[in-house]
Each structure stands twice: as structure tokens, then as C-alpha cells.
Amino acid sequence: MPTNLSVLPTHGQFLEVYKRLRGNKKLFNRTPIVFCEGDSWFSTPLYMNILDWLVFATPEEESRDVPVMGRGGLFYRDETSGHQATEMFTARNVKRLMKAYAAFDFDIALLSGGGNDFVSDYLKATFTKQKTPISVDAAVALVVNTGRYDEVRDAVTRMLDAMVATRPKTPIVIHSYCYPLKLGAQGALTLENFGAMAAFKNQVGPWIGPHVQAALPVLEDQRAFARKLIDGYADRVLFPLQQTPRFRNRLRVLDLR
């Protein structure tokens with residue numbers, strides 16, 4: 001069996017390999033078993049997403065014997081591109097996820113979600129009545145006043161409560177999002193930037209600009225607004241959860257800003 005187990009596309013394949021690992025105690029003990037749920041940051045299939053970097057080592061990393069990245073593991077995959085936290089972490093879906101979370105000896109759990117809750121259709125609905133320019137802070141206040149951060153925090157809390165109750169000793173890692181670098185510019189549909197999917201799409205995005213353009217007609221204001229949206233997710237959702245007593249010793253937030 002290879003050291004770097006590829007990311008398995010189906011739960012059936014995960015179960016098959018998991019059973020084989022359990023039959024080899026030495027191999028099982030040195031193979032990380034990883035639970036994954038999230039959005040496209042984990043699931044984009046045709047270029048290197050976050051999980052790919054954990055599984056596959058570059059030749060340079062292999063030559064340096066990098067201690068973390070590229071060491072592989074067995075990954076239970078349940079993420080989907082475009083998922084929102086408020087969709088992933090409903091009571092019904094959390095109950096479904098916990099069946100798998102309880103069934104296997106996971107060494108760590110990785111979560112990715114929340115960014116999609118604040119863009120696209122949500123922004124369109126939030127700013128549809130705003131026809132005149134406002135300040136960046138006023139635009140952020142519109143988002144805060146919808147209660148969206150509270151909704152996302154409640155959804156993530158529901159998932160974390162269930163995970164801690166099911167596997168109290170398994171560490172959980174969740175990440176923030178990085179600031180957009182190309183907002184206001186057409187995304188380049190190249191193999192380098194977007195993988196093989198570039199051959200099948202007409203454009204990338206947009207997720208933010210057109211929905212807030214009437215309220216924030218200046219491009220730099222749109223960019224500042226996007227950064228503050230991401231700051232709000234980190235500062236109103238993730239870090240307060242990390243400091244919550246019942247999660248404090250179990251949850252790690254990776255700040256990718």
C-alpha cells in the first residue's frame with residue numbers, strides 16, 4: 001500500500017482501504033485518518049485544492065523530506081463546491097455526518113465553509129434595494145444587520161457541538177478565507193490558474209462586484225468591502241468559537257488572510 005494514499009472519491013473506497021489498514025496495526029498507527037467537510041477550497045477537482053497539498057508532495061518536498069505536507073493519509077471526503085455553512089450544518093445533515101464521524105477512528109477533522117454564505121445570491125438579495133452610493137462601513141453594516149454572521153456562527157456551532165460530543169479528543173481545524181486579489185478584473189481562464197476546467201467555462205465568478213456596484217461604485221471601495229466581509233467571518237464567527245470554553249482545547253482556526 002502506498003505511503004501517500006490518494007484522496008478517495010467515494011465513501012465505499014474509503015471504507016475498503018480503512019478495513020485494510022485496520023488489518024495492519026503498524027501501518028494503521030502511522031497513517032493519519034482525516035475527516036473532511038467543506039466547500040470548493042477542499043473539493044475543486046482539477047487543480048490543487050487544500051487537501052491535494054496535504055496528500056501529494058512535490059518532488060522538491062520529497063527530496064527535503066518535508067515533515068507535514070505530502071505525507072498523505074486516508075481522507076473521508078464529504079465536501080462539495082459551492083456549499084454554504086448554513087446548508088452543510090443543518091441539524092439533519094449534521095446527524096448524517098456524525099454517523100461517519102462516530103464510525104471511524106479519525107485523528108483529525110478539517111472543516112471549510114462559510115465564505116459562500118456571504119456572496120452571490122445573498123449579496124444580490126441584501127443590496128437589491130440599495131440604489132445610491134453608501135460608505136464601505138455602511139455596506140458592511142447592511143450585512144451585519146441581516147444577521148448573516150449569526151446564522152453562520154449558529155450553523156458552525158451546531159456542527160462543532162456534535163463533533164465534540166461524538167469524538168471529544170479529536171482535534172478540529174477550520175480556516176478563514178484569504179482576501180480576493182483580482183476583484184474587479186476578469187479571472188484568467190488558464191490551465192495554470194484554473195486547471196482543466198478552464199476548457200469548459202466561459203468565465204470565473206463574479207461573486208461580489210456586480211451585486212454591490214450601485215452601493216459601492218468605486219472599485220477600491222468594493223475591494224475594501226470584500227476584505228471586511230472576510231474579516232467579519234473571522235472575527236465574528238471563527239475566533240469567538242475558538243475562544244468558547246467547550247471548544248477552546250479542541251478547535252484550531254487557521255487565519256489565511
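Computed from the coordinates by the stated procedures, all read-outs in this text should not be read as laboratory data. In this text, all values refer to a predicted model and were calculated from it rather than measured experimentally. Virtual Cβ from ideal backbone geometry, glycine too; neighbours counted across all protein chains shown.
Extension gain for the segment Asp137 to Val173, taken as residue separation times 0.36 nm less the Cα-Cα distance, is 9.9 nm to one decimal.
Model label points for Glu87 and Leu219, set 7 angstrom from Cα along the Cα-to-Cβ axis, are 3.1 nm apart.
Hey, for a label at Ala165 modelled as a point 7 Å past Cα toward Cβ, could you say which residues of the range 92-123 have their backbone N under 11 Å away? Label zone hits: 95.
Spacing of the modelled spin labels on Glu16 and Asn145, each 7 Å from Cα toward Cβ, amounts to 5.6 nm.
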